[in-house]
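Peer 1: Structure in structure tokens, see below.
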Amino acid sequence: MLEKLKIGVICYPSLGGSGVVATELGLMMAKRGHELHYISSSVPFRLLGRHENVHFHEVTLEGYAVFKYPPYDIALANRIAQVIESEQLDLLHVHYAMPHAVAAALGKDMAESDIGVITTLHGTDVTVLGHDEGLRNTVQYGINKSTIVTAVSNSLKQDTIELINPDKEIRTIYNFIDEETYRPIEPGTLKKELGIQEDEKVLIHISNFRKVKNIPDVVKSFQLILQKVNAKLLLIGEGPEMDSIRALVSELNLENHVLFTGKRNDMAELLAISDMMFHLSEKEAFGLVLLEALACGVPSVATNIDGIPEVITDGVNGFLVNLGDISEAANKAVQLLQDEDLRQRFIENGFQTVEEKFGSAKILEQYEQLYYEVAGKV
Ligand code: GMT
């Protein structure tokens, strides 16, 4: 039997995609008997509560008048060094290059350790920060200092090679689905609770409301859809663009048709009442919510950019549209919402996609192999 590993995980604790992947992956590894040590500023959301084989090491930082910007990255490196030594870790798995890959390199150096570091790139750490002259070299440094680098899609792998020019090979390991959480369930009473009529179709958009999510196009396209389909648009999440989206909804007189719910934890329930996911991002390395929707039986209309076509195949398990073409997006949405046979076909094909490409067992095995490789225990 293979030895159980002690794995240090560095990730953002918030609800963003990279944090979700880091925690779900860690929890599944813990169930396989490995010992997981999360190092972060607060307990990652999904780790709240007790989980066997999972430990949390908080990064603390005292305020000090001299600091204009408290040096979180340095405090993180300091904590990484401590945990490498105190827990005798076998490897580090870092999610999102900035600042985590750099902090891991520094922490490893401080601990005078030869521990292996896996860095998983998630998207904007390359596709946005890679364009920032003030950070590009640092992203490159973090990647080059890692032992193994993975990207969540082939598209992100290609973008990293072109934008960062790393001296490391990059391997693609797709994101996966936690089948216990994301599965079709009975709709229940949520539709009624949200004030949605039985005969109204439901379109859902879930994101962190950042500019890259291009939510104005979702709202403008929805206005066109309303000319043909009686529907409500659910906007789930929070983020910097929230105020401008609310203003746009009001300017277009769509208040009675658009529901802002804020952040929610009941994703499977929300997806159970949804007929279609609407996701018109201008950058998207993978699109974890599109995969979650497929697993819950909700087909998407999404933009044909970056890693999205690796999850959604146009005309098979959803529709892909050109970025910025809101009438094409509306036409495809109307087609999907008015043709239940087509929608059912997409749903069935979606289940097949999830099982064949993104099942947790398959992806976990790929990560576990990497863990043994990097820990020198193959
Ligand atoms: O932009 C976000 O939605 C958050 C970001 C993150 O790192 O938390 O998401 C990225 O990682 C997700 C998980 O791998 C991917 O599913 C998202 O596509 C990716 N976001 C972008 O590329 C914009």
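The values are calculated or read from the model by the stated rules, or taken from the named source; none is laboratory data. Quick caveat, the model's predicted, so the values are computed rather than measured. Neighbour counts run over all protein chains shown; Cβ positions are idealised from the backbone, glycine included. Ligands, DNA and RNA are stripped out before the accessible areas are found, and what is left, the full protein with its side chains, is counted by its heavy atoms. Shrake-Rupley method; radii C 1.70, N 1.55, O 1.52, S 1.80 Å.
Peer 1: So which of Ile185, Ile215 is modelled with pLDDT of 95 or more and surrounded by fewer than 17 Cβ atoms within 10 Å (Cβ to Cβ)?
Peer 2: Testing whether each residue is modelled with pLDDT of 95 or more and surrounded by fewer than 17 Cβ atoms within 10 Å (Cβ to Cβ) leaves just Ile185.
Peer 1: Which members of region 290-335 meet the condition of being out of contact with any Ser or Thr (no Cβ under 7 Å at 6 or more places or on another chain), near the ligand (Cβ under 10 Å from one of its atoms) and touching a residue at least 40 places away in the same chain (Cβ under 8 Å)?
Peer 2: Selection gives Leu291, Glu292, Val311.
Peer 1: Does Ser86 satisfy the criteria of being in contact with a His (Cβ under 9 Å, 6 or more places away or on another chain), within 29 Å of Arg264 (Cβ to Cβ) and among the small types (Gly, Ala, Ser)?
Peer 2: Taking the combined requirement at face value, the residue does not satisfy it.
Peer 1: Now for a different question. Select, from Leu224, Leu194, Leu156, the only residue that is touching a Ser or Thr at 6+ places or on another chain (Cβ under 7 Å) and modelled with pLDDT of 95 or more.
Peer 2: Leu224
Peer 1: On the basis of being within 16 Å of the ligand (Cβ to nearest atom), crowded, with 20+ Cβ neighbours inside 10 Å and in a helix (DSSP H, G or I), does Ala97 make the cut?
Peer 2: no
Peer 1: Quick check: is even one residue across region 285-293 more than 27 Å from Pro187 (Cβ to Cβ) and of a type in the set (Phe, Trp, Tyr)?
Peer 2: yes
Peer 1: Separate question: I'd like the full set of residues that are among the β-branched types (Val, Ile, Thr) and away from the ligand (no atom under 12 Å from the Cβ), limited to region 250-289.
Peer 2: Val258, Thr261, Ile273
Peer 1: Say we look at region 1-47 and pick out the residues that are under 16 Å from Tyr371 (Cβ atoms) and charged (D, E, K, R); which of these is nearest to the ligand (Cβ to nearest atom)?
Peer 2: Among those that are under 16 Å from Tyr371 (Cβ atoms) and charged (D, E, K, R), it is Glu24.
Peer 1: Going by the conditions given, is Lys228 over 23 Å from Lys191 (Cβ atoms), over 20 Å from the mean Cα position of the chain (by Cα) and either not acidic (Asp, Glu) or not assigned by TED's automatic domain parsing to the domain that holds Asn331 (or both)?
Peer 2: In short, no.
Peer 1: Could you count how many residues in region 47-79 are of a type in the set (S, T, N, Q) and open to solvent by 70 Å² or more (accessible area, probe 1.4 Å)?
Peer 2: 1
Peer 1: Between Gln338, Gln366, which is in the same structural domain as Thr172 (by TED's automatic domain parsing), out of contact with any helix residue (DSSP H, G or I) (no Cβ under 7 Å at 6 or more places or on another chain) and more than 19 Å from Tyr182 (Cα to Cα)?
Peer 2: Gln366
Peer 1: Still on this structure, I have one more. Out of all the residues in region 192-201, which are open to solvent by less than 30 Å² (accessible area, probe 1.4 Å) and within 18 Å of Lys263 (Cα to Cα)?
Peer 2: none
Peer 1: Taking only region 1-35 into account, find how many residues are under 20 Å from the mean Cα position of the chain (by Cα) and of a type in the set (A, V, I, L, M).
Peer 2: So the answer is 10.
Peer 1: Something else: Contact list please: Cβ distance under 8 Å, first residue in region 106-128 and assigned to a helix (DSSP H, G or I), second residue basic (Lys, Arg) and more than 9 Å from the ligand (Cβ to nearest atom), pairs at least six apart or on different chains.
Peer 2: Gly107/Arg79
Peer 1: Could you list, in sequence order, all residues of region 160-177 that are assigned to a helix (DSSP H, G or I) and crowded, with 22+ Cβ neighbours inside 10 Å?
Peer 2: Thr160, Ile164
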